[in-house]
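Data first, discussion second: the structure below is written as structure tokens.
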Protein chains: 2
Amino acid sequence: MSKQDLINSILSGDHRGLAKSISMIEDDDPDIIDILSKIYHKTGRAFVIGITGAPGTGKSTLINKLISTFRKQDKKIGVIAVDPTSPLTGGALLGDRLRMSDHYLDPDVYIRSMASRNKLGGLSKATRRSVSILDASGLDIIIVESVGTGQSEVDILKITDAVVVVLMPELGDDIQIIKAGIMEIGDIFVVNKSDLPGSDKMTSKLIHGIANLKKDGWTPQIIQTQSLTGVGIDKLIDSINFRQNFLKNSKNSLQIQRQKIKNQITETIMSDIQELFQNQIFDHLEMNAFVDQVMNKEIDPELAAKRLLLDFKKRIV
Amino acid sequence: MSKQDLINSILSGDHRGLAKSISMIEDDDPDIIDILSKIYHKTGRAFVIGITGAPGTGKSTLINKLISTFRKQDKKIGVIAVDPTSPLTGGALLGDRLRMSDHYLDPDVYIRSMASRNKLGGLSKATRRSVSILDASGLDIIIVESVGTGQSEVDILKITDAVVVVLMPELGDDIQIIKAGIMEIGDIFVVNKSDLPGSDKMTSKLIHGIANLKKDGWTPQIIQTQSLTGVGIDKLIDSINFRQNFLKNSKNSLQIQRQKIKNQITETIMSDIQELFQNQIFDHLEMNAFVDQVMNKEIDPELAAKRLLLDFKKRIV
């Protein structure tokens, strides 16, 4: 397939084009840069929902139900499932994928897992790029699912239009780890499995916790759901629609969009800088001399870092 | 307390000096740089053990038992508990701290929590610095405890002498998230709660998984424990001692130590670069012009990033 054929295939929403280009993103194929820049003018139509929550909170079942509801409204949907886990234990998340299998044969639902290539910042960059591809392909809704444990995932969520944080009532010693920074960026909080004891306690804990988290005029919402039976899903959809309308009509709308682009540019630069420098610094000519000095306790690693950085800055331009 | 008094207090192992200097590290007090460089020549004596595992694996109870055993050998111990969770749900980990309270009154055990200040790379830098302080104070063993979910925690573990990964048998849907990269740096794998069904299955899964993970001549060890009753703790201690002897006597010993210092210098530089650039880029004079171009779909964010980085590089030297 020529580059132009691939671009046409993406823009027509052909799943083969989507699969091919996202694989190129994962492989860091140099041709993808050009493709991304040529499809960019078609982006900006899709509403991007980030859904995060620890394993076991019922996040995937919830997404499954959301897809069904959106499909009844004849919306085209893409799901990118971000998987930061080790290949050794990664089988666990495969189970999650299976819970979405209701929709695997639906031509208007495109589901794709995105694995970490263990590169610094690689996962969030790849996800951002894949969202652009799906957006340009004409999908109405793009769901980015993550377990929300790493900084790169917080970065990913920052580029979505609505961040949904899925929690469940706390059961004794069963602890839900929420990475610092996730609560702060949540737009909608879901207390799933609300039939379990502790649901109301969790909800009021949340209300207390997010009371002061109003952002750009938006007040975070809290919704109780039971993803298995579907209880509360309509309210969640309402809340997502409410968020979409808010972003469209808010007087801050332009400001929010500009902020998102600014975040995206900054993060791209930061990950470029990391990629660019990490190896250069590690293999820097003077590195061994500094390691010697630290080994001999003549200087400490921080002073070595400071001096090496000075030396390095002189050479990069 | 004058700077010199504080340095003396640290070097004499006084808990007040340790507490004061680690607080300075957390607050990013500019004076700490000088203090760190002046105590550095006293570091390198302690054996640093990184212990990581998801909440619920019994990690803290295990550490409690390890401390008791090391104390019987009259070793002085420091524990740094790294806490990357959100303040909103952070109460969960406080429970863990309580499980170590057996040793809070022992003057030869120093336990300290280290919270994320939400700064990029801040947590790993602060932990590295705190380990130096404890090391210089004359402790024999320093345990760095982490839940192992973020990249910064992988970075932290990289500077320890022995990485212990705590797992437990899998129970149905109860999924253990292991961040990509953690398995790869594990030196000792503990299957805790080995009385539970699935323990042997988990162990053989591990044996299969780590079969090819030999690093610098070290073959990762797998140990079954029951932290509540103490079963297997002796084997774990043996394994830790074995690792310590290996590092002392291996022909790669010097190489491993150099590599650790090289990692430390590289990571310090990378986090300095991030701190230095993140705000500068975000507030860069040309940023708004580029955001405009992206808003108008004239260029995509990646091209904007590329051009802004070029412009930025011209100005930093």
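Just one residue in the set B:117, B:128 is at pLDDT 80 or above and under 16 Å from the mean Cα position of the chain (by Cα); that residue is B:128.
Tell me whether the stretch A:253-261 contains one or more residues that are over 17 Å from residue B:266 (Cβ atoms), at the interface with chain B (Cβ under 7 Å from one of its Cβ atoms), in a helix (DSSP H, G or I) and of a type outside the set (S, T, N, Q). Scanning the stretch A:253-261, I find at least one residue that is over 17 Å from residue B:266 (Cβ atoms), at the interface with chain B (Cβ under 7 Å from one of its Cβ atoms), in a helix (DSSP H, G or I) and of a type outside the set (S, T, N, Q), so the answer is yes.
Results for (1) assigned to a helix (DSSP H, G or I); (2) within 9 Å of chain A (Cβ to nearest Cβ), shown as yes or no for each residue.
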| site | (1), (2) |
| --- | --- |
| B:234 | yes, no |
| B:239 | yes, no |
| B:266 | yes, yes |
| B:269 | yes, yes |
| B:289 | yes, no |
| B:299 | no, yes |
| B:307 | yes, no |
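Given the criteria without any contact (Cβ under 8 Å) to a residue 24 or more places away in the chain, within 9 Å of chain A (Cβ to nearest Cβ) and buried (at least 20 other Cβ atoms within 10 Å of the Cβ), does residue B:273 qualify? For residue B:273, the condition - without any contact (Cβ under 8 Å) to a residue 24 or more places away in the chain, within 9 Å of chain A (Cβ to nearest Cβ) and buried (at least 20 other Cβ atoms within 10 Å of the Cβ) - is met.
Can you confirm whether residue A:213 is of a type in the set (A, V, I, L, M, F, W, C), assigned to a loop (DSSP other than H, G, I, E, B), modelled with pLDDT under 90 and under 21 Å from the mean Cα position of the chain (by Cα)? Criteria met by residue A:213.
Residue check: is residue B:54 at pLDDT 85 or above, within 28 Å of residue A:209 (Cβ to Cβ) and either more than 14 Å from chain A (Cβ to nearest Cβ) or outside any helix (DSSP H, G or I) (or both)? So residue B:54 does not fit the description; no. Only residues that are within 11 Å of another protein chain (Cβ to nearest Cβ) and outside any helix (DSSP H, G or I) were counted in the stretch B:120-144, giving 2.
Within the stretch A:191-212, residues that are under 20 Å from residue A:63 (Cβ atoms) have Cβ atoms under 9 Å from residues that are among the β-branched types (Val, Ile, Thr) and surrounded by fewer than 17 Cβ atoms within 10 Å (Cβ to Cβ) in these pairs: A:194/A:231; A:195/A:229; A:195/A:231, counting only partners at least 6 apart in sequence or on another chain. Condition test on residue A:232, is it in the same structural domain as residue A:44 (by TED's automatic domain parsing), surrounded by 16 or more Cβ atoms within 10 Å (Cβ to Cβ) and modelled with pLDDT of 80 or more? Yes; evaluated as a whole, the condition is true for this residue. Within the stretch A:65-104, the residues that satisfy the criterion of being assigned to a helix (DSSP H, G or I), modelled with pLDDT of 80 or more and either crowded, with 19+ Cβ neighbours inside 10 Å or not assigned by TED's automatic domain parsing to the domain that holds residue A:142 (or both) are A:65, A:66, A:67, A:70. Among the residues of the stretch B:1-39, those identified as assigned to a helix (DSSP H, G or I) and within 19 Å of the chain's Cα centre (by Cα) are B:18, B:19, B:21, B:22, B:23, B:24, B:25, B:26, B:36.
The values are calculated or read from the model by the stated rules, or taken from the named source; none is laboratory data. On a predicted model such as this, the values are computed, not experimentally measured, just so you know. With ideal geometry, Cβ positions are generated from the backbone for all residues, glycine too; neighbour counts draw on all protein chains shown.
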